[in-house]
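Structure record follows, encoded as structure tokens.
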């Protein structure tokens, strides 16, 4: 698909160009919840695993820890990309 449609994009672009603009619109909106909920699912699975390994630590502490680490990685990545771009 990348060779046929050499534009920056994702499933939205490929669906829009190969099927129809309406399907592309639906695909774009269908992908959005995936980006939102995938991180939460990973945090919950990781917290469940670590709670079974360390039962004395409450699950919510693991979830908050994962959120803090994810936020830190994103902030550092954004700051790094900003420095590189300038």
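What to note about this one:
- Yes/no for residue 38 being out of contact with any helix residue (DSSP H, G or I) (no Cβ under 7 Å at 6 or more places or on another chain) and either farther than 30 Å from residue 14 by Cα or surrounded by 10 or more Cβ atoms within 10 Å (Cβ to Cβ) (or both): yes
- Test set (1) touching a helix residue (DSSP H, G or I) at 6+ places or on another chain (Cβ under 9 Å); (2) surrounded by fewer than 14 Cβ atoms within 10 Å (Cβ to Cβ); (3) at pLDDT below 95 - residue 48 fails condition number: (3)
- Only listed residue being at pLDDT 90 or above and surrounded by fewer than 14 Cβ atoms within 10 Å (Cβ to Cβ), chosen from 27, 63, 7, 19: 19
The values are calculated or read from the model by the stated rules, or taken from the named source; none is laboratory data. What you are looking at is a predicted structure, and each value in this text was computed from that prediction instead of being measured. Reconstructed Cβ throughout: ideal geometry from the backbone, glycine too, with neighbour counts over all protein chains shown.
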